[in-house]
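What follows is calculated from the coordinates using simple rules that are stated; it is not laboratory data. Please read all numbers here as calculations on a predicted model, not as lab measurements. For neighbour counting, all protein chains shown are included, and Cβ atoms are generated from backbone atoms with ideal geometry for every residue, glycine included.
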Amino acid sequence: MRIIIAGDGKVGQMLTKQLSGEGHDLTLIDNDPRALESTVERYDVMSIEGNCASMEVLRSAGVEKADLLITATGADELNLLCCLTAHGMNPTLHTIARIRTPDYAESTYAMQRLFALSLVVNPERQAAREIHRLLRYPGYLKREKFANGLVEIVELKVEADSPLANQPLHQMNQITHVKVLVCTVVREGKAFAPSGDFVLRPGDHIYVTGWVKNLSQLLKNIGIATPKIRSVLIAGGGRSCYYLSQMLTREGIHVKIVEKDRARCELLAEMLPDATIVEGDVALRSVLEREKAGEMDALVAMTGMDELNVILSMYANRKKVPQVITKLGRAENLELLSNLPVGSIVCPKNLCCDTITRYVRAMGKQVGAAVTVHSIADGQAEAMEFRVEANTKHIGEPLKDIPLKENVLIASITNGHTIEVPNGDSVMNPGDRIVIVTSGDTLIHDLNDIFRA
């Protein structure tokens, strides 16, 4: 497809890497020639320097023949105007806009058609929703939903005292007394697609799939406590903090926000009357001790500095705060932090790019396209959900007889409300929802792509 990306920042660069790797014809627009030069050197893409809302610039980028426009500049107003202008020049164009300002949230979604928007993405709101899910269901480092929430892939860390430590995976169900499947293991920053003989070691991060109730039972059976969250300290008062605080205070959870900017504190106090707003610098230990950060049920580090967020989370871990969540702005830092005690890691830009990538894939192949796409294992693997169509190959055949491509694993099969962790005798039928996990350079656009023949 012909895709124009307006904005060569962090999200734009991440999308460029992903979409150029999938063979799309990309053109980038940005006002910064140095940013464009750096991106063009790394990827096989075209670039246009200039204002993305200008008809002349859009015409130079080939908007009349483009299939999709993605606007991810730093200004919401510019993103909206760019989409509106581009759609006027090409009425068949699909448009995706990143809108981050809370003031625009309601009007943008309500007037999506008027603004000529095919999709609106808000990384900060997505991050807040993800953190909210983790706080509501503590015990997991990460959770990804499939099959309308019936199936999940969750991330857990194997601790030294875990009953899973030093055990082969074929003993998993016997040890845990629940049927689940370990689909990926990350050890020392490297992802593995494990066999039944793979032995888990302390420090491993495992990605487990199964029925939601089975996964909850798994936590209990391996001794991971899941206390209910009643109080949360949020370090940093940015947009994600606002969205998250709204969600938590509605549920009666006590929220304390520590922010060093006085003007921002005053604004948050007006917008969040049910939260406690404290002016203070979370980089100072005296502030953390004064606000009793170590006595909270959860600490969410979401300042604008990744390094400070990491330090705060390590402090909370040392104080034995039951749940710790770290927000990262730079996705490339994920691998470096895999063995540090920083709790769950949430990256807004990853969530945003996953949403856009799923939309692009659905555009490219409407029938058989992935219903859900999630990046897991620090971006080294993907979990994708497909619906089995009438033209899907190997319907009704046992999985043990089906030739799958390398680095592809079928993680679950859902039929209605019946969830199956598949074995060699399992079969696919039309209407089933299939979750597959793929790693390496294997590109999957529809379900038939997982088969060798």
All other residues with a Cβ under 9 Å from the Cβ of GLY50 taken together, and with Lys, Arg as +1 and Asp, Glu as -1, what is their net charge? -3
So how much slack lies between ARG230 and GLU49, counting 0.36 nm per residue of separation and subtracting their Cα-Cα distance, in nm? 60.2 nm
Evaluate the distance, in nm, between pseudo-label points positioned 7 Å from the Cα of GLU77 and of ASP161 along their respective Cα→Cβ axes. 5.7 nm
From Cα coordinates alone, what are the radius of gyration and Dmax values for the range 139-221 in angstrom? 11.9, 34
Identify all lysines with a Cα-Cα distance to LYS190 below 19 Å; exclude those on the same chain that are fewer than 8 residues away in sequence. LYS142, LYS157
Applying 1/(1 + (r/R0)^6) with R0 = 51 Å to the Cβ-Cβ distance of GLN171 and ASN317, what FRET efficiency is obtained, to the nearest 0.05? 0.95
Over the chain, what is the relative contact order in percent, taking alpha-carbon pairs closer than 8 angstrom and at least six residues apart? 11 percent
Less than 12 Å apart at the alpha-carbon level, and either on another chain or at least 8 residues along: which aspartates and glutamates does that give for LYS319? GLU289, GLU295, ASP297
What is the extension gain from ALA362 to MET305, computed as 0.36 nm multiplied by their sequence separation minus the C-alpha to C-alpha distance, in nm to one decimal? 17.1 nm
For the range 338-453, evaluate the Debye formula with one uniform point scatterer on each Cα (no solvent term) and list log10 I(q)/I(0) at q = 0.16, 0.19 Å⁻¹, rounded to two decimals. -0.78, -1.04
Pairwise over distinct Cα atoms, reciprocal of the mean inverse distance: report the Kirkwood radius of the range 231-321 in Å, one decimal place. 12.8 Å
Values of log10 I(q)/I(0), in the order q = 0.15, 0.21, 0.22, 0.23 Å⁻¹, for the range 2-121 under a Debye, Cα-only, solvent-free model: -0.59, -1.14, -1.24, -1.34
Cross-link candidates for LYS179: which lysines have Cα within less than 17 Å, leaving aside residues fewer than 8 places away along the same chain? LYS213, LYS220
How long are the semi-axes of the equivalent ellipsoid of the chain, taking √(5λ) for every eigenvalue λ of the Cα gyration tensor, in whole Å from largest down? 34, 33, 19
